[in-house]
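Student: Quick one: the structure is below, questions incoming.
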Amino acid sequence: MSNSTESNKPEIDRVQLVYASVLDVVSTAGMAMIAAGFLAYVLQLLPLTVSIEDIASHWHLRSGEMNSILSVPSGWSWVRDPLHGDVLSFVSIVFLSMAAMICLITVIPVFLSEKNRAYALIAILQVLVLAAAVAGLASGGN
Amino acid sequence: MTTAGGKKIWWLLSAVLLTALSLLLPPDAAAASLQIGGGIAWWVWVVLLFVFSFFLGIVSVLAGVGGGVLFVPIVSSFFPFHLDFVRGAGLLVALSGALSAGPSLLRKGLADLKLSLPLSLIGSISSVAGAIVGLTMSADSVQLLLGIAIIVIAAIMIKGGKSGYPVVDEQDVIARALGISGSYYEPSIEKSIDWKVHRTPVGLVLFFFIGFIGGMFGMGAGWANVPVLNLLMGAPLKISVATSGLVLSMNGAAAAWIYMYKGAVLPLIAVPAVGGVMLGSKIGAKILSKVNTNSVRIIVIVMMVIAGLRSITKGIGL
């Protein structure tokens, strides 16, 4: 133990509390979207771009092989035609995958207001890495 | 231990043992038997995946491992889904668990943002690289390497020590410059614990490799993050476990996008897996205090060794 003192509960860093609050909202919304999107998908409340039976008869193939036969939602392809059950379910996963990035973007101004330039820079770089992945720069995009 | 508690534990251990025994079946036996006679409806696989993920969620909490590390080798061996889709789902399983636990751990001061950010920056770059490499390699090669990785992880779990409150005499230059230190309230001793870290440069290098492996195999990396944070860098165990999740939420997100662009994330597989593991984890957390976690941990390690051997034999085409 590096050091221990009998004192009141330590104060939590303000940046951390902001990050926690945003994460709470985003992750809860993400989970609700995932549940709702999946129900819309499997109960076929909306039309599908690819039928579930087609997916199930090809899910033993590599992703590249499946994509050459079926046009499953990937990357940002769903933007063109979002009102489908399978697309909405995919969008909920997209949202969840952007949760960390959303939280980081909200804490950069807090780091800057505290004049913590080193962490503001690290957070900006982390957002850029995530944004590059989201934009498909590393994977060729679509 | 109460009688009701004892019964619950026996049910749980029976379920774990049954799962372990099922791993002894020949490769693809489960998938083959269900496909005989014109195939099985898709929803049967989806329900089975949900139920399996639910039990996995319970077991992973009791054994102190992330769900992703068990999910990928076992699901890729016993379900008819291609390894690409299993890895995509595995990353989302690890990511969702980390996201849902994050707010509470951050507010308690257990997950530390300043400790996690430099490590996740390095790790997210390498996890993207790992995902690209993993999706470029042949499925057999990935399966073989996955098997080897799982057995190495099991060995780390057997050998791996842990230190509740490591001693850090002097911080390294990076940790001092970035002010990586903190304090949290430990209710078991009713005291505030101050902590700091050292050996940050070595930690950064190791997090690069951990991120790469996590992205390549679609696994969470708590099995490696925690020992590096705790035993190498000197963060207290609770800080290490909680901060590992925070790192994972960023690394997993970066790698998940590579899988999403390659069409390797199917909601039909990913969502039941995420839902099952998250529900199971909540149950696991509730019964944690009533179960002999050491016994469950041993069973899980045995399951991992068998799943790893299965992956290796599948990878070399046996």
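The values are calculated or read from the model by the stated rules, or taken from the named source; none is laboratory data. Everything quoted here is computed from the prediction, not taken from an experiment. Using ideal geometry, Cβ is built from the backbone for each residue, glycine included, and neighbour counts are taken over all protein chains shown. Areas reflect the complete protein model, heavy atoms only, side chains present, ligands, DNA and RNA absent. Shrake-Rupley method; radii C 1.70, N 1.55, O 1.52, S 1.80 Å.
Student: Which FRET efficiency value, to the nearest 0.05, is calculated for A:Leu137 and B:Leu279 with the Förster distance at 35 angstrom and r the Cβ-Cβ distance?
Tutor: 0.50
Student: Could I ask something else about it? Of the accessible area of the protein assembly as shown, with the probe set at 1.4 angstrom, what percent is carbon plus sulfur?
Tutor: Roughly 68 percent, rounded to a whole number.
Student: Quick one: among B:Ile180, B:Ile58, B:Ile239, which has the greatest mean-square fluctuation in a GNM of chain B with alpha-carbon springs under 10 angstrom?
Tutor: Of B:Ile180, B:Ile58, B:Ile239, the most mobile in the Gaussian network model is B:Ile180.
Student: Oh, and also: Just counting partner chain Cβ atoms within 10 Å, what average do the residues of peptide B:197-204 show around their Cβ?
Tutor: Mean number of neighbouring Cβ atoms from other chains: 0.
Student: To continue, here is another question. Calculate the spin-label point distance for B:Ile174 paired with A:Ala35, positioning each point 7 Å from the Cα along the beta-carbon direction, and give it in nanometres.
Tutor: If labels sit at A:Ala35 and B:Ile174, their model points lie 4.1 nm apart.
Student: Per residue, how much accessible area does the protein assembly as shown have with a 1.4 Å probe, in Å²?
Tutor: 41 Å²
Student: With a point put 7 Å past each Cα toward its Cβ, work out how far B:Thr313 is from B:Val152 in nm, to one decimal.
Tutor: Distance between the two pseudo-spin positions: 2.3 nm.
Student: Using only protein heavy atoms and a 1.4 angstrom probe, determine the accessible area buried between A and B, summed over both sides, in Å² to the nearest 100.
Tutor: The contact between B and A buries close to 6000 Å².
Student: Round to a whole angstrom and tell me the spacing of the C-alpha centers of segment B:127-182 and segment A:6-59.
Tutor: Rounded to whole Å, the Cα centres lie 26 Å apart.
Student: Still on this model: Under 17 Å between alpha carbons, and skipping anything fewer than 8 positions from B:Lys114 in its own chain: which aspartates and glutamates qualify?
Tutor: In chain and number order, the partners are A:Glu11, A:Asp13, A:Glu114, B:Asp172, B:Asp194.
Student: On full extension of the chain, what length is gained from A:Arg80 through A:Arg117, given 0.36 nm per residue of separation minus the C-alpha to C-alpha distance?
Tutor: Computed gain between A:Arg80 and A:Arg117 is 9.4 nm.
Student: So for the pair B:Thr136, A:Glu65, with labels modelled 7 Å out along Cα→Cβ, what separation do we get in nm?
Tutor: Going by the 7 Å Cα→Cβ label model, 2.1 nm.
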